[in-house]
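Before any comments, here is the structure.
The values are calculated or read from the model by the stated rules, or taken from the named source; none is laboratory data. Being a predicted model, the structure only gives us computed values, none of them experimental. Cβ coordinates were reconstructed from backbone atoms using ideal geometry, including for glycine residues, and neighbour counts include every protein chain displayed.
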Amino acid sequence: MTFGGDESCDSLSTARPVQVYRRALRLAVTAQQPHEEALALQVLATTLAPTDPHTAQRYRERAAGILAQLGVSGRMARPRLRPAGW
């Protein structure tokens, strides 16, 4: 397992968050909520970047396309993550 500024990331440490964000993505698609879909894609891209940069880039591009279609930019285009228990 790696910590700090190291570029690598242990796949076990990202497995659970990726599972949760993929579920959020599925729910956003099912509920036809494109803004939430884009935000879930952004978070997935950030989480996957160290271990799967190709997939992360695809997610980033997909999110950017959705946000562009919605005409969203600036603060509304960034996910707001909250600590557990909020």
Note on L41: of the conditions (1) at pLDDT below 90; (2) surrounded by 13 or more Cβ atoms within 10 Å (Cβ to Cβ); (3) not hydroxyl-bearing (S, T, Y), unmet is (1)
Selection count where residues are part of a helix (DSSP H, G or I) and crowded, with 17+ Cβ neighbours inside 10 Å, scope segment 44-61: 7
Identify all residues within segment 20-62 that are out of contact with any Asp or Glu (no Cβ under 9 Å at 6 or more places or on another chain) and touching a residue at least 40 places away in the same chain (Cβ under 8 Å); write none if there are none. H35, L39
